[in-house]
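Here is the structure we will look at.
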Amino acid sequence: PGLPTIGRTNQVAVPEQFYKVILYCHAPEIRMIGFLLPNEASHAALSSFVVPVYDIEGLTGIDFFPLIPIDWQDRLKKTPPDTAIKQWFF
């Protein structure tokens, strides 16, 4: 409620932000990265939108990858953006 909408019939809400959460799990390497992007045009590098997955969970109320052992979840989901960027952007 309260978001702008598009479409005459369906009135689809237009989100203020989009997110993407990625888990890479190929033994022995496991890593996770989250992106939070505003719903607007941008020429900024994708790396500037990296945030801890834990932050995205807080905004969405979604527990991503709940079957991963809790100690791994804590480590992976709280990965600082600068560390995640080094892991993913070679």
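A few notes on this one:
- If you check 13, 27 for being under 21 Å from residue 86 (Cβ atoms) and either loosely packed, with under 14 Cβ neighbours inside 10 Å or not aliphatic (A, V, I, L, M) (or both), only one passes: 27.
- Per-region count, the stretch 1-43, residues assigned to a strand (DSSP E or B) and polar (S, T, N, Q): 2
- Scanning the stretch 46-63 for residues that are over 28 Å from residue 6 (Cα atoms) and either more than 10 Å from the chain's Cα centre (by Cα) or at pLDDT below 95 (or both) gives 47, 48, 63.
- Residues located in the stretch 30-52, provided they are polar (S, T, N, Q) and open to solvent by 50 Å² or more (accessible area, probe 1.4 Å): 39, 42, 48
- Within the stretch 44-67, the residues that satisfy the criterion of being part of a helix (DSSP H, G or I) and acidic (Asp, Glu) are 55, 57.
- Scoring residue 76 on the criteria (1) within 27 Å of residue 3 (Cα to Cα); (2) assigned to a helix (DSSP H, G or I) leaves a single failure, condition (1).
- Every pair of residues 6+ apart whose Cβ atoms lie under 6 Å, when the first sits in the stretch 15-44 and is over 15 Å from residue 60 (Cβ atoms) and modelled with pLDDT of 95 or more while the second is assigned to a loop (DSSP other than H, G, I, E, B) and open to solvent by 60 Å² or more (accessible area, probe 1.4 Å): 23/65
- The residue that is nearest to residue 30 (Cα to Cα), among those in the stretch 53-81 that are open to solvent by less than 90 Å² (accessible area, probe 1.4 Å) and of a type in the set (Asp, Glu), is 74.
The values are calculated or read from the model by the stated rules, or taken from the named source; none is laboratory data. Note that the coordinates shown come from a computational prediction; the quantities given were computed from them, not determined experimentally. Using ideal geometry, Cβ is built from the backbone for each residue, glycine included, and neighbour counts are taken over all protein chains shown. These area figures cover heavy atoms from the full protein model, side chains too; ligands, DNA and RNA do not enter into them. Shrake-Rupley method; radii C 1.70, N 1.55, O 1.52, S 1.80 Å.
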